[in-house]
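Notes follow the structure.
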Amino acid sequence: MIGESTRLSRIIKNGKILILAMDQGLEHGPSDFNEKNIDPDYVFKIAEKGGFTGFAIQKGIAQKYAQNYAGKTPLILKLNGRTNINPREDVYSSPVASVKEAVKLGADAIGYTLYVGSPNEAIMFNEFGEIQAEAKEYGMPTIVWAYPRGHYVKNEKDPATIAYAARCALELGADIVKVNYPGTQKGFEKVVSAAQKCHVISSGGSKLSDKDFLKKAKEVMAAGAKGFAVGRNVWQRNDPLKITKELKQIIFGK
Amino acid sequence: MIGESTRLSRIIKNGKILILAMDQGLEHGPSDFNEKNIDPDYVFKIAEKGGFTGFAIQKGIAQKYAQNYAGKTPLILKLNGRTNINPREDVYSSPVASVKEAVKLGADAIGYTLYVGSPNEAIMFNEFGEIQAEAKEYGMPTIVWAYPRGHYVKNEKDPATIAYAARCALELGADIVKVNYPGTQKGFEKVVSAAQKCHVISSGGSKLSDKDFLKKAKEVMAAGAKGFAVGRNVWQRNDPLKITKELKQIIFGK
Amino acid sequence: MIGESTRLSRIIKNGKILILAMDQGLEHGPSDFNEKNIDPDYVFKIAEKGGFTGFAIQKGIAQKYAQNYAGKTPLILKLNGRTNINPREDVYSSPVASVKEAVKLGADAIGYTLYVGSPNEAIMFNEFGEIQAEAKEYGMPTIVWAYPRGHYVKNEKDPATIAYAARCALELGADIVKVNYPGTQKGFEKVVSAAQKCHVISSGGSKLSDKDFLKKAKEVMAAGAKGFAVGRNVWQRNDPLKITKELKQIIFGK
Amino acid sequence: MIGESTRLSRIIKNGKILILAMDQGLEHGPSDFNEKNIDPDYVFKIAEKGGFTGFAIQKGIAQKYAQNYAGKTPLILKLNGRTNINPREDVYSSPVASVKEAVKLGADAIGYTLYVGSPNEAIMFNEFGEIQAEAKEYGMPTIVWAYPRGHYVKNEKDPATIAYAARCALELGADIVKVNYPGTQKGFEKVVSAAQKCHVISSGGSKLSDKDFLKKAKEVMAAGAKGFAVGRNVWQRNDPLKITKELKQIIFGK
Amino acid sequence: MIGESTRLSRIIKNGKILILAMDQGLEHGPSDFNEKNIDPDYVFKIAEKGGFTGFAIQKGIAQKYAQNYAGKTPLILKLNGRTNINPREDVYSSPVASVKEAVKLGADAIGYTLYVGSPNEAIMFNEFGEIQAEAKEYGMPTIVWAYPRGHYVKNEKDPATIAYAARCALELGADIVKVNYPGTQKGFEKVVSAAQKCHVISSGGSKLSDKDFLKKAKEVMAAGAKGFAVGRNVWQRNDPLKITKELKQIIFGK
């Protein structure tokens, strides 16, 4: 699979991963932003200067902004999305872009959000199955945002439940799985174990203090994860490059 | 993207936009009309004489009337639609025409109504995603009518909610987003900020007095919008060209 | 659009239309029939001898009976249908034949029933949109049976509501729209006005006395309609050709 | 339509039809079988030795057993099916095989079960419409098992209701319609009349005494039907060929 | 059908079958695993060393692990899947991989889980029908995991109900059907009889004592089944190869 290896080599550096995400405008709404970081250009520059190994965005952002950063941070095109207006009970994220569009935009991976356990799980399993198959045809790696969620998911933060979601990502063919941190290193070890050859990265989550965030980062790496996909914990800070540098020290050891 | 640039150059003049819309017969019913403006020819002529930079209509109107106005006002083909008979709770506007039909009719943009936050949001996100991708293949610009609406949308006029809808249009790849005016210039600035490189235009809304309408127009432009998509506030007036002239003075400064 | 003009010239004679319909076996059940008119051959002959400008039937009838009448009454193939067993609340008529089949059968138009305002309106708008686009590719005219119906339609006979349905037919691209008569000439004028360049014809409806039926016909024509699509008021009578002759006198003036 | 005529000539002999069906394992479950007739080979042999003019089965049976009987009883491939586990309220039978598979298996007709009046009627009308169109392309006759059923069907055995189902089969393009016997010859005459050029055959139904079954057969033929599609009344008997001989005497007069 | 025969000859040895399955990470979650058997490599080695005639896994496991075991245990690619988080009431397992992907991965059969009697039965019947047809085109055998389940299934362990599920697999075209053991040899004989030429294998089920498991195995084979598809009863044991050897003695007699 030379295509996938080539593309993954740009996202995984020395076996480690640090992705910047900026799809919160769609997933949470612009209330996540201030006057500076509401501008994609501002975040594109953080991705570049911070040396992130991937930048996860929707196609609208890629089409209107990426031209000026061609060849800098590897593009990870999110292929599905939703707003947070509808309830979580039967949460579903529908496809809004295709693998072919990702190829055309020069992406090095596609991102897909999978709500494991949702009453709409079957639709997402099916859609991801087809996306993953098409991605394979193009040598395009797949990254799954695997979140247990929906009416029948009792505790989204339960390590066993997150581990289940991570295992789904492995069995359905993801190359990398992004999960929420379950709160303890021991819990996260379960998740990493369940995912086996599927590389595990942790979400950054909502903004934490520097201390708490870096503590979390150390636990994540100690649990065997390959790194992080961060957003608000970087671009919501006054000095995003400072925290990035500290995070990279923990992830890459330099 | 020479195709999109070429087409957009016909709709955006000196950075500004003034679109006339006549899809109210479908969206609201013929009760919006009087004996004159119920005739599409009457409104086609307003579009031409008023110097509008775009005329947004359904395919039935385009196929039966546009021939006589070929090369005048740029055609914006609406690709979805609904009547207002069904409730807003789970509002959905289904595709009734295709990008290919827009190309065949010589359109310079397609229009798509996106009800952000509706329980049927996922279907519309998905359908718009495919339409936008196909439009890109044809060099066809996309204009999104972005309205927060449905059971879980508490206040359709809330600036933050409208800003969320505008941000969706940006992230999903629209070139221009039409939104409802949230009532204040300050509120509209939020919307314009959220949309970033996606051009924002305001709807005209239901008929206002000349004074109120022009006041609104000034606020819209002062907030940083690119212009308007109007309908009833123009063709429901006794002298539609007079108000058009005044509106153009505000938008284009001449 | 030479194809559409050619085909329409067979259905519209001197600007007027008189269609015979025999899809009641599907739409209402065989209880509409007696021993004679249950036989399609009987009705085919009425269509021919009565000089109708179109004969609207389902594909099963066309395939099994039309061969003997090739080149006589222009065929209008109904593309969707339903029985009247399910409730009207969320009424929906699904496609049962295709434009291509209509072309193959030598049809001069396709017929599509559109239940405006039904909770399933979106599905029908979408399906008709695709059918109309394909019909355009073949130069095939489209006739919409436009009926306001469903849970949220308060009064199916309200002139404004029927006018709304007729306007939908125009905006969605129908060439001819068949509507129910709202009871008064004045009300029907509203409908004709809303449809503009889309030719309006009235349904015959359930069987009336000769006097009432011909009175209705005069009002329909005086309101500006182009004619009728009749069924039971013709083939349920003892002498269908007599009433046809009287009807033609009113419609065509000869 | 030489293809259809050729294939129908194998199923309709001297204007009469006698089909053996063995899809009860799917439709009712193996409880219909005893140790002998649970084996498809046993029933294939009855079909052949009994001189049936068609054998209606699902593709799994055809693929695994028909090879040994190639060129004997004409194959009628059932294209849809369901178990009887789910309730009749919203009964639906989904496609499980295609027209192309029927062609490949050397079938002389396809069989489709249509639950007229079910809340899922629209789906089945649509699916049968497409199947019938594809069948036409291959010169493949269509046989509809037309059963009024579902929440809004008050009496499945009412002659007028069965006649309605038979009329649907005619209008939707079936060549042969199989219906349940409504209990009286007079009632069945209504059904035959409603179906017109669509050939009507009666189901055998659940097992009856010899006397009752043959009485029913005589009434069916006297009512103008073309024959029968039987199953349990043949292969559940100790001597299936004896009853077959008697039945053939009634149907074919020899 | 040389393709199917060739592939089946690798899975059926001397008329008998012993499949190892490892899709429990998806179907039940990683709680089924311990530190050793959570690693697919560990289970791949059991499949190889144990001389299993097939290894049933999801595509994610095949793509990331099978390369090292190419040409060893025949691959059975599961084409659908679900987690056990959603309720069984309306259980549905959606497609996550395709027949074409199975071919590309060098599989010798595809596996499909069919929940007979579920309110979603119709969707699965339809999807399996299409999968089976495509499999036939590639000469790819089909194995159905046939489980009666859902709101209207009163007793999943009832022999008659399991027999019904097995009969469905036969009629829909499966080559091999895997069912749950109904508890008695006599009950299982019913199942085997209902499936006729479709080869029946028993699931291993949740972990039993050696004695109970081997007793069950003997009953299964005595009932006429062709073998087993096992998982937890093998790889959850301390010495999986020991129980495998004992099981093979019962199935293959050596």
Q | For chain D, radius of gyration divided by Kirkwood radius, i.e. Rg to Rh on alpha-carbons | A | 0.93
Q) Measuring from centroid to centroid over Cα atoms, what is the spacing of segment D:89-166 and segment E:1-71 in Å? A) 41 Å
(Q) Rounded to the nearest 5, what % of DSSP beta bridges with both residues in segment C:13-143 are antiparallel? (A) 20 percent
Q | ³J(HN,Hα), Karplus 6.51/-1.76/1.60, whole Hz, each residue of segment A:199-208, x for Gly, Pro | A | 5, 9, 10, 9, 6, x, x, 5, 4, 10
Q.
Treating only the Cβ of Lys, Arg, Asp and Glu as charged (+1, +1, -1, -1), what charge dipole size does segment A:75-156 show about its Cα centre? Round to the nearest 20 debye.
A. 180 debye
Q | Overall Cα dimensions of segment A:143-254 - principal axes, largest extent first, Å | A | 39, 29, 23
Q. In chain B, what % of DSSP beta bridges are antiparallel (nearest 5)?
A. 10 percent
Q: Identify all lysines with a Cα-Cα distance to B:LYS100 below 20 Å; exclude those on the same chain that are fewer than 8 residues away in sequence.
A: A:LYS100, B:LYS59, B:LYS64, B:LYS78, B:LYS136, C:LYS100, C:LYS136
**Q.** Beta bridges per DSSP with both ends in the protein assembly as shown, % antiparallel, nearest 5
**A.** 10 percent
Q: Would you please give the residues with an amide H less than 5 Å from that of B:VAL177, counting only those at least 5 places away or on a separate chain, with H modeled from the backbone geometry?
A: B:VAL144, B:HIS199, B:VAL200, B:ILE201
Q) For the protein assembly as shown, with only Lys/Arg (+1) and Asp/Glu (-1) charged at the beta-carbon, what is the dipole magnitude about the Cα centre, in debye rounded to 20? A) 600 debye
Q | Approximate spin-label separation A:LEU208-D:LYS197, in nm, with each point projected 7 Å along Cα-to-Cβ | A | 7.7 nm
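Mind checking the mean number of beta-carbon atoms from other chains within 10 Å of the Cβ atoms in C:114-121?
Numbers: counts 0, 0, 4, 5, 3, 4, 2, 6.
Rounded to a whole number, the mean comes out at 3.
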Q. Considering only B:ALA107, B:ALA165, B:GLY71, whose Cα is most displaced toward the positive end of the charge dipole of chain B, charges sitting on Cβ of Lys, Arg (+1) and Asp, Glu (-1)?
A. B:GLY71
Q. If you take the charge dipole of chain E about its Cα centre, with +1 on Lys and Arg Cβ and -1 on Asp and Glu Cβ, which of E:PRO30, E:PRO240, E:GLY129 is farthest toward its positive end?
A. E:PRO240
Q) Ignoring any ligand, DNA or RNA, what whole percent of the accessible area of segment D:171-218 comes from carbon and sulfur when the probe is 1.4 angstrom? A) 51 percent
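How much of the accessible area of segment C:1-90, in percent, comes from carbon and sulfur atoms when a 1.4 Å probe is used?
Carbon plus sulfur share of accessible area: 46 percent.
Please sort by residue number the GluC sites (Glu not before Pro) in segment C:1-47 whose DSSP state is loop and whose Cβ has at most 12 other Cβ atoms within 10 Å. The partial results should precede the final answer.
On the way: sites: C:GLU4, C:GLU27, C:GLU35; in loops: C:GLU35.
Loop-located and lightly packed - C:GLU35.
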Q: At most 13 other Cβ atoms within 10 Å and a DSSP loop assignment: could you name the GluC sites (Glu not before Pro) in segment B:69-123 that fit?
A: B:GLU89
Q: Only loop residues by DSSP count here, and only those with at most 13 other Cβ atoms within 10 Å; note down the trypsin sites (Lys or Arg not before Pro) in segment B:149-205 that meet that.
A: B:LYS154, B:LYS157
Q) Between D:LYS211 and the same site in the other copies, what are the distances in nm, shortest first, taking label points 7 Å from Cα along the C-beta direction? A) 6.1, 6.1, 9.8, 9.8
Q | Accessible surface, segment E:211-254, averaged per residue in Å² (probe 1.4 Å) | A | 45 Å²
Q. Taking square-rooted eigenvalues a ≥ b ≥ c of the alpha carbon gyration tensor, is the protein assembly as shown rounded, prolate or oblate, where a/c under 1.5 means rounded and, failing that, a/b exceeding b/c means prolate?
A. oblate
Q: List the residues of segment B:82-102 that lose 10 Å² or more of accessible area once all protein chains are present, compared with their chain alone (1.4 Å probe, heavy atoms only, no ligands or nucleic acids).
A: B:ARG82, B:THR83, B:ILE85, B:ASN86, B:PRO87, B:TYR92, B:SER94, B:PRO95, B:VAL96, B:LYS100, B:GLU101
Q. Between chains D and C, what is the buried accessible area in Å², counting both sides, with a 1.4 Å probe and ligands, DNA and RNA left out, to the nearest 100?
A. 2600 Å²
Q) Averaged per residue, what accessible area in Å² does segment C:33-101 show with a 1.4 Å probe, protein chains only? A) 36 Å²
(Q) What value in Å³ per residue do you get for the convex hull of the alpha-carbon atoms in segment D:180-226? (A) 60 Å³
Q: Leaving ligands, DNA and RNA out of it, work out the accessible area of B:ASP23 with a 1.4 Å probe and give it in Å² to the nearest 10.
A: 10 Å²
Q.
Under the rule a/c < 1.5 gives rounded, and otherwise a/b versus b/c splits prolate from oblate, where does segment D:26-125 land using the Cα gyration tensor?
A. oblate
Q: Provide the per-residue ³J(HN,Hα) series for segment B:225-233, in order, calculated from phi with Karplus coefficients 6.51, -1.76, 1.60 and θ = phi - 60°, each as a whole number of Hz, with x at glycine and proline positions.
A: 6, 9, x, 9, 10, 10, x, 4, 5
Q) How many partner chain Cβ atoms sit within 10 Å of a residue's Cβ in peptide C:32-39, on average, as a whole number? A) 2
Q. To the nearest 20 debye, what charge dipole does segment C:14-136 have about its Cα centre, counting +1 at the Cβ of each Lys and Arg and -1 at the Cβ of each Asp and Glu?
A. 460 debye
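Using the structure shown, list the pairs from B:LYS197/B:LYS245; C:LYS49/C:LYS242; E:LYS186/E:LYS245 with a Cα-Cα distance above 18 Å, or answer none.
Table pairs above 18 Å Cα-Cα are B:LYS197/B:LYS245; E:LYS186/E:LYS245.
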**Q.** Complex-versus-alone comparison for segment B:164-201, residues with a loss of 30 Å² or more in accessible area, probe 1.4 Å
**A.** B:TYR164, B:ARG167, B:LEU170, B:GLU171, B:LEU172, B:GLN196, B:LYS197
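The values are calculated or read from the model by the stated rules, or taken from the named source; none is laboratory data. The structure displayed is predicted, hence computed values, not measured ones. Please note: Cβ atoms are built from the backbone with ideal geometry, for glycine as well, and neighbour counts cover all protein chains shown. Surface accessibility is based on the protein's heavy atoms, side chains included, excluding ligands, DNA and RNA. Shrake-Rupley method; radii C 1.70, N 1.55, O 1.52, S 1.80 Å.
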